[in-house]
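Notes follow once the structure below has been shown.
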Amino acid sequence: MHGRRLAPFDPSRRLFVQGLAVAGVGLASGAVRAFHAEASLPGMARLQGPAFQLAVREAAVDFTGRARKAVTLNGGVPGPTLRWREGDDVSIAIDNQLDTVTSLHWHGLIVPANQDGVPGLSFDGIPARSRFTYRFPAKQAGTYWYHAHSRFQEQSGLYGAIVIEPAGGKRYPAEREHVILISDWTDEDPESVYAKLRTRSDVYNYGQPTLADFLRDARSKGFRDAASMRRMWNQMRMNPTDLADVGGATYTYLVNGVTPAGNWTGDFKPGERVRLRLINGSSNSIFDLRIPGLRMQVVAADGQDIVPVDVDELRLSAAETYDVIVTPTEDRAYTVFAQSIDRSGYARATLAPRPGMRAEVPALDPRPRLTMSDMMGGGMAMAHHASTEYGPNTDMHVDMPRTNLDDPGVGLRERTHRVLTYADLHTVGGPLDTREPSRTIELHLTGNMERFAWGFDGQKYSEAKPVHFRQGERLRVTLVNDTMMNHPIHLHGMWSEVETEDGAFQVRKHTVNVQPAQQVSYAVTADNPGRWAFHCHMLYHMEAGMFREVVVS
């Protein structure tokens, strides 16, 4: 957390550099240009199911003016958008052309355990230079995505969108639709990124508190309160700007594989209802998305239809998806603006009636800072060091976590326009299972920031026993975030039906973001036997230990 202060970087300069390759200048060789031309087409390939034949292979891509190797599906980053219909029997043949094991996980899809795609749990992985065919029935409709579940192949480019058409027609029809798949790309080897984080967790934090920050706090709060606040953060060995492990100084944020300067554009005719299928397919990033000049009607969360709610901005945690409908009435362009939670960079796209149009791109917001509620939760009790409670892999424990779902989160609380929260989400039709949960499993999300060690209840995956669900039971999972970072938690193979503070059904999700010092509960029906992954969807947190096996038997 502490150490030398990193030199500031200029996001506008980085975004300019990102635009060089897209504009076709600054490329070092004809070979690089050829690879770049393939990788930066303004859109992803689309394949219609139910049967697919796909190849995982390495290919060169260029998002920043430098050619780098990516792990691709059919040569693209992202891979092709896969479309099929609810009720299809889907088959997806994967030809692994790599020299190492690979895998694909169908994120949010309820499939048999041996088709889920997690090596070491549900199957052995797809060996090098071999083929594996996934086969499963499509039991649901909506917006989902796929990604590798093999070390850092997801960060290296192996991911893409899934669109499943409902068998009975859409509940909320639109005249036009676009997939908006947001992701993060690094020119660094992801193994190097991970090694740096393990050596010093703040290595990518370019926004650490400065003397100028302290003087500003002293002017607004008074010297004594500002000094007390700084002393408390130091005593906790924590940093109020720890919002993202990796930011825009290292990441290039993409929409459908296109950099901000590349300006991916989706078309519309004025007056049309346009469905945007928003997917956060990033490895380690959270985005706050808005479209200046357009309200968004949110109609689905994680693929499931909800009672429509109109908002101006929403937060996409890693792996979450939302469907929104917008109705642009003017003959002009609109910017889809998704800034990272630490405000170090952004992904950007355009909606326009004609190609080549652009709209103003908003300036990045100032970097937000975590507050006392992000440290202490809902009560006055102080978060404290928990090494004696949960061992050396835990550096804090929250005595009184907050349980409300109506908090949009750090950086969004001060908005004057409407921001989506989990309290706004109501899945159409209610819970899948109306039984009251018969038992509760409580797990604490824990970490030691200085060591970059993450886990459940202070244990890394390598140290922990599997969590057992009895087949057919209805149970409650309660997650308590004892850290100061957001953790999007994904349970494979079953739905997570988020509950209100008093235990009523709220929303059905496949990925549940738990904010700092927050407690969230959801009901699960253990109706899918097998061995399942249960983990934080921040890739580097998962690899550093925030992963458990769930056995349903």
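The values are calculated or read from the model by the stated rules, or taken from the named source; none is laboratory data. A quick note: this is a predicted structure, and the numbers were derived from the prediction, not measured. Note: ideal-geometry Cβ built from the backbone for every residue, glycine included; neighbour counts use all protein chains shown.
Can A352 be described as within 30 Å of Y144 (Cβ to Cβ), at pLDDT 90 or above, surrounded by 22 or more Cβ atoms within 10 Å (Cβ to Cβ) and not β-branched (V, I, T)? The answer is no for A352. Can you pull out every residue in segment 61-81 that is part of a loop (DSSP other than H, G, I, E, B) and either under 19 Å from S282 (Cβ atoms) or basic (K, R) (or both)? Within segment 61-81, F63, T64, R66, V77, P78, G79, P80 meet the criteria.
Selection over segment 425-441 of residues that are small (G, A, S) and touching a strand residue (DSSP E or B) at 6+ places or on another chain (Cβ under 7 Å) gives a count of 2. Say whether the condition of being surrounded by 18 or more Cβ atoms within 10 Å (Cβ to Cβ), of a type in the set (V, I, T) and assigned to a loop (DSSP other than H, G, I, E, B) is met by at least one residue in segment 333-349. Yes.
Within segment 511-529, does at least one residue satisfy the condition of being at positive phi and either buried (at least 22 other Cβ atoms within 10 Å of the Cβ) or without any contact (Cβ under 8 Å) to a residue 40 or more places away in the chain (or both)? Within segment 511-529 (the criterion being at positive phi and either buried (at least 22 other Cβ atoms within 10 Å of the Cβ) or without any contact (Cβ under 8 Å) to a residue 40 or more places away in the chain (or both)), the answer is yes, since at least one residue qualifies. For segment 260-287, a residue qualifies if it is over 19 Å from Y146 (Cβ atoms), in contact with a Leu (Cβ under 6 Å, 6 or more places away or on another chain) and part of a strand (DSSP E or B), and the qualifying residues are G266, F287.
Criterion applied to F505, F469 was being in contact with a strand residue (DSSP E or B) (Cβ under 9 Å, 6 or more places away or on another chain), modelled with pLDDT of 95 or more, of a type outside the set (K, R) and surrounded by fewer than 22 Cβ atoms within 10 Å (Cβ to Cβ), and the one residue passing it is F505. Note on segment 355-374: among residues that are hydrophobic (A, V, I, L, M, F, W, C) and modelled with pLDDT of 75 or more, the one that is nearest to D399 (Cα to Cα) is L370.
Suppose we keep only residues that are farther than 25 Å from D89 by Cα and in contact with a Ser or Thr (Cβ under 8 Å, 6 or more places away or on another chain) within segment 153-180. Which one would you say is surrounded by the most Cβ atoms within 10 Å (Cβ to Cβ)? Of everything passing the filter in segment 153-180, Q155 is surrounded by the most Cβ atoms within 10 Å (Cβ to Cβ).
Conditions (1) surrounded by 21 or more Cβ atoms within 10 Å (Cβ to Cβ); (2) in a strand (DSSP E or B), marked per residue:
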residue: R83; (1), (2): no, yes
residue: G87; (1), (2): no, no
residue: S91; (1), (2): no, yes
residue: D95; (1), (2): no, yes
residue: D99; (1), (2): no, no
residue: W106; (1), (2): yes, yes
residue: V111; (1), (2): yes, no
residue: N114; (1), (2): no, no
residue: G117; (1), (2): yes, no
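Note on segment 520-546: residues that are more than 19 Å from D395 (Cβ to Cβ) and in a strand (DSSP E or B) amount to 12. Scanning segment 442-464 for any residue that is out of contact with any strand residue (DSSP E or B) (no Cβ under 6 Å at 6 or more places or on another chain), in the same structural domain as H537 (by TED's automatic domain parsing), hydroxyl-bearing (S, T, Y) and not in a loop (DSSP other than H, G, I, E, B) turns up at least one such residue.
Among the criteria (1) surrounded by 24 or more Cβ atoms within 10 Å (Cβ to Cβ); (2) touching a helix residue (DSSP H, G or I) at 6+ places or on another chain (Cβ under 8 Å); (3) in a strand (DSSP E or B), the one G493 does not fulfil is (3). Looking only at segment 171-202, residues that are part of a loop (DSSP other than H, G, I, E, B) and without any contact (Cβ under 8 Å) to a residue 12 or more places away in the chain come to 1 in all.
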